[in-house]
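Comments concern the structure below.
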Amino acid sequence: VALLTACEIGLGPAVDTESPTVNITYPVAAAAIRGEFTLAGTWDDDRGVSRITVSVTNSNTSTTYGPYAATVDSKSKTWSVSLNQPDASAAGVNGWSFPDGKYEVSAIGYDGSNHSSGISSRAFEIDNTAPVFVISSPAVTDIKKAAQYGSVFNITGTIADDHSVASMTVSVFHADGSEVTGSPFTESDIATAGGTSVTIARYIKNGTDEVNTRYSE
């Protein structure tokens with residue numbers, strides 16, 4: 001009589017006891033973002049992650065968007081997800097998914113054993129709204145009734161936005177439609193607290209165009 005016995009030595013399949021880690025690397029903290037952008041980061045785990053989910057909360061209204069499934073790269077141990085996509089529906093704000101405001105994004109990773117990384121978060125701001133500039137001088141808009149000026153004239157108005165304006169460009173044209181030499185004129189880093197009066201001044205000296213730009217709060 002032959003006796004056959006089998007014996008497994010050891011603990012069998014390895015037990016996964018480690019939780020993954022997830023970090024956000026982009027955008028930088030407190031960034032002001034316009035339009036569609038990519039939220040990205042890194043992850044680490046001894047056995048890899050099965051999924052990473054992202055939720056976005058508007059801090060002003062407490063409205064939460066998502067969760068969104070991130071694309072996970074197992075070789076580079078990175079992840080990314082595209083947010084604030086164009087939205088032409090009535091729910092869209094200025095053509096984008098998220099309205100203006102302050103946001104906090106939360107990312108959570110899971111491994112094959114459903115261990116969670118815990119929440120990795122970052123705060124940023126959405127600014128989809130372009131600044132508004134209202135021209136106060138010259139006040140005439142009809143080229144046939146154009147205001148007359150001497151060697152100096154000012155283009156003056158009020159610019160307003162929730163943030164500082166990186167730059168403002170003013171183009172000046174002759175009556176025949178050709179652009180004036182030296183145009184466009186640009187002013188940079190305009191502070192807009194409470195609204196800002198902006199003056200673009202043009203001088204003609206010895207037949208040569210000279211440009212001087214300035215603004216005052």
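The values are calculated or read from the model by the stated rules, or taken from the named source; none is laboratory data. Note that the structure is a prediction, hence the values are computed from the model and not measured. Note that we place each Cβ from the backbone using ideal geometry, even for glycine, and neighbour counts take in every protein chain shown. Note: areas computed on protein heavy atoms with side chains; ligands, DNA, RNA excluded. Shrake-Rupley method; radii C 1.70, N 1.55, O 1.52, S 1.80 Å.
Below is a table of values for the structure above.
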read-out: Region 107-147: equivalent-ellipsoid semi-axes (sqrt of 5 x gyration tensor eigenvalues, Cα, Å); value: 59, 10, 3
read-out: Computed E for residue 21/residue 82 - FRET, C-beta separation, R0 30 angstrom, nearest 0.05; value: 0.85
read-out: Label point distance in nm, residue 116-residue 104, each placed 7 Å from Cα along Cα→Cβ; value: 1.5
read-out: Equivalent ellipsoid, region 41-161 (semi-axes from 5 times Cα gyration tensor eigenvalues, Å); value: 50, 15, 13
read-out: Order by protection proxy (mean Cβ within 10 Å, highest first), peptides 28-40, 129-141; value: 28-40, 129-141
read-out: Highest to lowest packing among 172-182, 56-66, 152-162, scored as the average C-beta count within 10 Å; value: 152-162, 56-66, 172-182
read-out: Three principal axis lengths of region 63-121 [C-alpha, angstrom, descending]; value: 41, 22, 16
read-out: Rounded to the nearest 10 Å², the accessible area of residue 87 at probe 1.4 Å; value: 40
